[in-house]
1. Restricting to segment 265-276, give me the number of residues that are part of a strand (DSSP E or B) and under 21 Å from the mean Cα position of the chain (by Cα).
2. Could you list all residues from segment 166-189 that are assigned to a loop (DSSP other than H, G, I, E, B) and either more than 18 Å from residue 219 (Cβ to Cβ) or assigned by TED's automatic domain parsing to the domain that holds residue 98 (or both)?
3. Quick one: residue 163 ticks every box in (1) in contact (Cβ under 8 Å) with a residue 40 or more places away in the chain; (2) touching a Ser or Thr at 6+ places or on another chain (Cβ under 6 Å) except a single one, so which number is it?
4. Among the numbered criteria (1) surrounded by fewer than 16 Cβ atoms within 10 Å (Cβ to Cβ); (2) part of a strand (DSSP E or B); (3) of a type outside the set (Lys, Arg); (4) assigned by TED's automatic domain parsing to the domain that holds residue 92, which single criterion is violated by residue 163?
5. State all residues of segment 204-234 that are exposed (fewer than 13 other Cβ atoms within 10 Å of the Cβ) and assigned to a strand (DSSP E or B); if no residue qualifies, say none.
6. State the number of residues belonging to segment 358-383 that are under 18 Å from residue 194 (Cα atoms) and assigned to a loop (DSSP other than H, G, I, E, B).
Amino acid sequence: MKRITGRLITLLLLLALLLSLSVFSPAALATGEEPETTEAPETTEAPETTEEPEATEEPTETPKPLIELRKLTTTLDRTPIVLLSVSESHATVSSANASFLSITWFDAAGNIVALTDTFEYQTYRLEIRAEADEGYYFSQDLAGYLNNSAATVSVSADGRYAIVSREFEAIVCAPRIIKQPGEETIKEGDFVSYVSTAVYALDLTWEFISPDGETVFDSKDLRKTFPSCSCTNDGKEKIVIYNVPAEMNGWKVRAVFHGVLDTVTRSNTVTVKVDVDPTKPTETPKPTETPKPTETPAPETTPEPTAEPKTTEEPAETEAPETSEAPEATEGPEATEAPEATEEPKDTEAPGEHEHSFSEDWYADENSHWHQCDCGAIADEGRHDFETVNWRVENGKKTVEYRCKICGYPKTDTTDDNAVINKIPMGVCVGGALGLIAVLVAVESVQRSKRRHGR
């Protein structure tokens, strides 16, 4: 019994101990300072500002082993040609890991030539500026090439930029026709215009050629052959002939372009085709005035010579019909052609101008654009203002596409411009050829030397 009671007491003590633990330990946890310590981590979040180690990313510059570029190749699509616009020359950089930046022309005095200017007969210096792509730099021993030939090159101190340069002497080209005049049929007394355009031309004149080809004269002398006719020549691309006579039918007209150093290029000839007014021929044959001389044969008065002595003498007086030479005076009617001078139908055309109805759409050719009336009169004529819309390189030739900003007229140019060199002394040509051969030999020897040294 005592053992039982002893065990019960020990059990009760154990239960009391367990209860005390279950009662006091949660209170101790509730009143503990653990939450205060848990707030500390909030202050520890400050280390997030210590993300400055990102600044330590500067070591990424360690990939500083930049790749060296030892060769720079450039291309110029068109060398300077006298009268060619400076903006027509385009340059490119064909080396890998290098980019084209700019092209600049300098004249003989070292002044920059504006893109809006045209080349003159002198020496020019070209500079093509390039930039090394990221991760690359130009070697201070950079070899520069322009159109596959060695050229002068300079490199910036940091190797970031390089300039390839060379001098060019502007080439002289004869005018090159890009539009031939076209034929058309007109009515007698009407007007007709012919248009022809060319590049590398200083001015334009027009020639008239007789049907048999034996007579040729300049348009300024037109009135000497056709007094009732007149013309206007703008000196650039067009001639307008007014009051075209029937006699001009079958004559030929052609454009004559004049370039530098007395170079000349003539266009194809066009035949003037006049549709003669059937009502006018009756007026033009002035022989109707010739019947007057028929009055001179007054043989009926001659019967008087029956009085042989006197009448025979009188006929001597009748030799006065030499006055019949007055018909020569009838040539005076040619003087009466002076009224043809009054044929200043130029004024008569003026009234027609009041009835002009010009098109809303543009008419255009290779060189200019205009609005046109059904009668052929034009207005708002102006030269094209081309802008580059596309370019491509195929088979070693560069093709550039342009479009007029005003009328939308398209134009395409290629590197092959069939330029003709004129008036260049033979000594210059031979000397240039020998100089070129010498340069090629020098380049070949340098390349062989490099191969021997393993470069």
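1. The number of residues fulfilling the criteria is 1.
2. The first filter runs over segment 166-189 and keeps only residues assigned to a loop (DSSP other than H, G, I, E, B), leaving 170, 172, 174-175, 180-184, 188-189.
Residues satisfying the conditions are 170, 172, 174, 188, 189.
3. (1)
4. (1) is the only condition that residue 163 fails.
5. 216, 218
6. Of the residues in segment 358-383, 8 are under 18 Å from residue 194 (Cα atoms) and assigned to a loop (DSSP other than H, G, I, E, B).
The values are calculated or read from the model by the stated rules, or taken from the named source; none is laboratory data. Please read all numbers here as calculations on a predicted model, not as lab measurements. We place every Cβ from the backbone using ideal geometry, glycine too, and count neighbours over all the protein chains shown.
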